[in-house]
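Colleague: Structure below; questions to follow.
Each value in this text was obtained by applying a stated rule to the coordinates, not by laboratory testing. As the structure is a prediction and not an experimental result, all values here were calculated from the model. Cβ sites come from the backbone with ideal geometry, for glycine too, and all protein chains shown count toward neighbours.
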Amino acid sequence: MGKTTGFMEYKRLDEAYETPAERIKNYKEFTIALQKSKLEDQGARCMDCGIPFCHSGCPLGNLIPDFNDKVYRGKWKAAAEILHSTNNFPEFTGRLCPAPCEEACVLGINEDPVSIENIEKNIIETAFQEGWIKANPPKIRTGKSVAIVGSGPAGLAAAQQLNRAGHTVTVFERDGKIGGLLRYGIPDFKMEKHVIDRRLKILEEEGIIFKTNAHVGVNIDAKQLQKDFDAVVLCGGATVRRTLPIDGADAKGVHQAIDFLKLNNQYVDGLVNFENIISAKDKKVIVIGGGDTGSDCIGTSNRHGAISVTNFEILNKPTVGRPAHQPWPYWPMKLKETSSHQEGVERFFSIATKKFISDANGNLTGLKTVEVEWIFKKGERPQLNQIPNTEKHWDCDLVLLALGFTGAEKTLVDEFELEMDFRNNIMATTKNYATNKSGIFVAGDMRRGQSLIVWAISEGRQAAHHIDAFLMGSTNLPLKDVNDLPRV
């Protein structure tokens, strides 16, 4: 497997970026691909370890050493076939996944890990360029029909798997275009939307039916859906936004990050004018929330032409390397610097917002913060304390709340009479992804809570396995046991 001495001969190489000054002029992807020979050298770094821990790091169970070996040997078509055997959409994960597989890579114990994500991205891009990705509709139809509510990565993965089993699949999407947060949450500079569209063309050619502007529980009757289909799969995501319930939160200029990002994506798509979006142009922007969504807001604000961009995170500043209590091969909560951070931002940790300040017309003019400290005691929940005499006033025109999501919307819960768990997710286990109502299943963030795209694809695939068994009594769809995988 691979080149026995490859990890000693080749250092890790990553894709280069266009300079920040150039890339913020537009919304296009800005990575500069490595030469194919260099990528094959990177595949050679996969070290034929006795136990490939990358398998357990990947929620999809991608056969990483296998496709790395094929890349090293120049057998790119075979690599694409191996990659597709476990991952329906490597073009999404190859761009957007935080790569827990790399944090579990054995080589990562004392060297830079294998560049698995970049290899994955280049395998699928080569496959599309060479015309190897073609529609493969089922030869036989079962006569069973499945409705999938939501067209994000979980819904699309479940749709393709169930269609492969021969069922007639219809995907219902409440927005005007298919893709969920892939289309309306992820900025184009991270993934241009033609990447979604070329995959959708394949799915349509395979026989999957897509219905847009179809909001189940609003303009699509949920009860009728149950009558018309043999099974219903809910993949609507965790879309209830976390708020910041402090004084002045209703000021004009305080917005949810997802509204900011969605409107900008629609602008890039030519659906709305720049005048009709939430603009950061010529504004002092503060982004509250230090995760990936906050990073996306930073990159978008800089492309708008913000005067300044500041980022607040209430948690402590992470360590640069692995924390002592998160040893290999576990996912480490360490300091992350994204490409958006490199484009211009001031970051502040251990800081909490206490009040938004507005003028007589209700327009945001600033906010007040306080420094905080976290008290950790064994067996107790962490306690947050404000540090006396650390209050500070910040001028700002625009605040973006990138605070994450708190669970699934109640519309579908009420319409289908479903049960929810204590985390505001629709209740269903990985045993069979079934809800308390026969024939109704749930997968993705709507079941597990806010998580990663790779987890959503995994959940869609697992749910499809169980749904096929429910409809037919048995199934040949693959199943990866995700119960024992670490939560990311």
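Colleague: In nm, to one decimal, how far is the HIS194 label point from the ILE375 one, both placed 7 Å along Cα→Cβ?
Modeller: 5.7
Colleague: I would also like to ask the following. How high is the FRET efficiency between LYS354 and ASP282 when r is their beta carbon distance and R₀ equals 41 Å, given to the nearest 0.05?
Modeller: The value I calculate is 0.95.
Colleague: So, one more: Computed over the Cα atoms, what is the radius of gyration of the chain divided by 2.2 N^0.38 Å, N being its residue count?
Modeller: Cα-based Rg divided by the globular estimate yields 1.00.
Colleague: Can you tell me the dipole magnitude for the range 6-129 around its Cα centre, using point charges on the Cβ only (Lys, Arg +1; Asp, Glu -1), in Debye to the nearest 20?
Modeller: Once rounded to the nearest 20, the dipole reads 300 debye.
Colleague: Of the listed peptides 175-186, 378-389, what is their order by residue-averaged count of other C-beta atoms within 10 Å, with the highest listed first?
Modeller: Highest to lowest by the protection proxy: 175-186, 378-389.
Colleague: Another question, if that's okay. If you stretched the chain out fully between LYS201 and ALA78, how much longer would it get, using 0.36 nm times the residue separation minus the C-alpha to C-alpha distance?
Modeller: Result: 42.0 nm gained on full extension.
Colleague: Separate question: Could you run the Debye sum over the Cα atoms of the range 6-129, one equal point scatterer each and no solvent, and tell me log10 of I(q)/I(0) at q = 0.12, 0.15, 0.18 Å⁻¹, two decimals?
Modeller: After summing over all Cα pairs, the log10 values are -0.42, -0.65, -0.93.
Colleague: Can I ask one more? So in the range 254-401, what percent of DSSP beta bridges are antiparallel if you round to the nearest 5?
Modeller: Roughly 50 percent of the beta bridges in the range 254-401 run antiparallel, per DSSP.
Colleague: Once both labels are modelled 7 Å past Cα along the beta-carbon direction, what's the LEU477-SER85 spacing in nm?
Modeller: The two pseudo-label positions are separated by 2.0 nm.
Colleague: No other cysteine beta carbon under 4.7 Å away is the test; run it over the chain and list who passes.
Modeller: CYS46, CYS49, CYS97, CYS105, CYS235, CYS297, CYS396
Colleague: Reported to two decimal places, what Rg/Rh ratio describes the range 254-401 when computed on Cα atoms with Rh from the Kirkwood expression?
Modeller: Rounded to two decimals, Rg over Rh is 1.02.
Colleague: Determine the relative contact order of the chain: mean sequence separation of Cα pairs under 8 Å and six or more apart, normalised by residue count, in whole percent.
Modeller: Relative CO of the chain lands at 16 percent.
Colleague: In sequence order, what are the phi-derived ³J(HN,Hα) couplings for the range 273-287 according to the Karplus relation 6.51 cos²θ - 1.76 cosθ + 1.60 with θ = phi - 60°, rounded to whole Hz, with x for glycine and proline?
Modeller: Residue by residue, the range 273-287 yields 7, 4, 5, 9, 9, 7, 9, 9, 4, 6, 10, 8, 9, 10, 9 Hz.
Colleague: Which value, in debye to the nearest 20, gives the size of the charge dipole of the range 254-401 about its Cα centre, when Lys and Arg are +1 and Asp and Glu are -1 at the Cβ?
Modeller: 580
Colleague: If you don't mind, there's one more thing I want to ask. Which of the lysines could be linked to LYS144 by a straight reach, that is with a Cα gap under 25 Å, when you skip same-chain ones fewer than 8 residues away?
Modeller: The qualifying lysines are LYS134, LYS201, LYS211, LYS223, LYS227, LYS431, LYS437, LYS480.
Colleague: LYS3: which lysines have alpha carbons under 28 Å from its alpha carbon, excluding same-chain residues fewer than 8 sequence positions away?
Modeller: Within the straight-line limit of under 28 Å, LYS3 reaches these lysines: LYS11, LYS36, LYS38, LYS70, LYS75, LYS77, LYS121.
Colleague: Ok, one more. Tally Lys and Arg at +1 and Asp and Glu at -1 over the other residues with C-beta under 10 Å from the C-beta of ASP175: what net charge comes out?
Modeller: +3
Colleague: Grab the beta carbon distance between HIS255 and LYS336, set R0 = 25 Å, and tell me the FRET efficiency rounded to 0.05. Don't skip to the answer; put the middle values down first.
Modeller: Working: r = 24 Å, r/R0 = 0.96.
FRET efficiency, HIS255 to LYS336: 0.55.
Colleague: How about LYS283: which lysines have a C-alpha closer than 27 Å to its C-alpha, ignoring those fewer than 8 places off in the same chain?
Modeller: LYS25, LYS28, LYS190, LYS252, LYS262, LYS317, LYS336, LYS354, LYS355, LYS368, LYS392
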